[in-house]
Amino acid sequence: MKYKEIIKETQDSLSKLSEQLNNIEIKEKYDFEIQSRKFYEFQDKSKLNSITTNFSPPLIYTIDITDSYKLQELLKKYQNRPHGLKTSKFNYRNKEVPVQNTLYVGSTMKNFYSRLKQHLGLIGKNLYSMHLSRWDEQMIYTIKVTVYKIKNIKDPETIITQNIVEVIEQQIWDKLQPVFGKKSGQL
């Protein structure tokens, strides 16, 4: 194997990715709030469809707790969560870095509705997600979900690859430093 060729191919691949990003725009932004005691309402697909009717993947989303004073209480409940639940990784912070209200930054190329239901703890306990209602001990709090639609402004019919979405998601992750989850992708 010729390693210099591998490096050149990698550079070419990153250049193509950079060129593609020139045509990408975060086109739409929509946010909505959900009270923890109403998570169950999202079992009904029509509830979410009425909120995000115009959104189709690829999407990037953030989940924030709206009341920062409740964040520490929620984190204590997480520390005492049931064992065996595949929750998203808890991101420990350097004490000098202030903890933001952002709980999670994610993306989906397929089904936002299912992914949100996983984070709320309504489905998929064997999938990595926050599973909030499975360990929050019926704590009362509100989350704000913000959804970003990623579009190709030059050619709306062009399929946006997961690599493009992940690169953008990584930048949002770096800025918001969420409490849960992991930084996606490899870049």
Which value in nm describes the separation of the simple spin-label points at ASP155 and ARG81, placed 7 Å from the Cα toward the beta carbon?
4.2
Rolling a 1.4 angstrom probe over the protein heavy atoms, how many square angstrom per residue are accessible across the chain?
61
Full-stretch length increase - GLU5, LYS175 - with 0.36 nm per residue and alpha-carbon distance subtracted:
57.8 nm
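Which of the trypsin sites (Lys or Arg not before Pro) found in the stretch 1-54 are loop residues per DSSP with 15 or fewer other Cβ atoms within 10 Å of their Cβ?
Hits after loop and neighbour filter: LYS2.
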In the chain, if the dipole is taken from +1 on Lys/Arg beta carbons and -1 on Asp/Glu beta carbons about the Cα centre, which of LEU85, THR102, ILE160 is farthest to the positive end?
LEU85
Between THR87, THR142, THR161, where does the largest GNM mean-square fluctuation fall for the chain, given springs only between Cα atoms within less than 10 Å?
THR161
Rh (Kirkwood; distinct C-alpha pairs) - the stretch 1-75, Å:
17.0
Which one is right for this structure if volume of the Cα convex hull per residue in Å³ is calculated from it: [x] 128; [y] 151; [z] 116?
[y]
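With a 1.4 Å probe and all protein chains left in place, how much of the accessible area of the chain comes from carbon and sulfur atoms, in whole percent?
Reported share for carbon and sulfur atoms: 48 percent.
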The chain: angle of helix 3-21 to the longest principal axis, Cα-based, in degrees nearest 10
70
With axes computed from alpha carbons, what is the tilt in degrees of helix 162-176 against the longest principal axis of the chain, rounded to the nearest 10 within 0 to 90?
50
HN-Hα J couplings of the stretch 128-142 from phi, Karplus 6.51/-1.76/1.60, θ = phi - 60°, integer Hz, Gly and Pro as x?
6, 6, 6, 6, 3, 6, 7, 9, 7, 6, 6, 4, 9, 7, 10
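Are there any trypsin sites (Lys or Arg not before Pro) in the stretch 100-187 that are in a DSSP loop and have at most 14 other Cβ atoms within 10 Å? List them by number. Don't jump to the answer; show the numbers that get you there.
Working: sites: LYS110, ARG115, LYS117, LYS125, ARG134, LYS144, LYS149, LYS151, LYS154, LYS175, LYS182, LYS183; in loops: LYS110, LYS125, LYS154, LYS182, LYS183.
Taking the stretch 100-187 and a limit of 14 other Cβ atoms within 10 Å, the loop trypsin sites (Lys or Arg not before Pro) found are LYS110, LYS154, LYS182.
The values are calculated or read from the model by the stated rules, or taken from the named source; none is laboratory data. Everything quoted here is computed from the prediction, not taken from an experiment. We place every Cβ from the backbone using ideal geometry, glycine too, and count neighbours over all the protein chains shown. Protein only, heavy atoms only, side chains kept; ligands, DNA and RNA dropped before computing areas. Shrake-Rupley method; radii C 1.70, N 1.55, O 1.52, S 1.80 Å.
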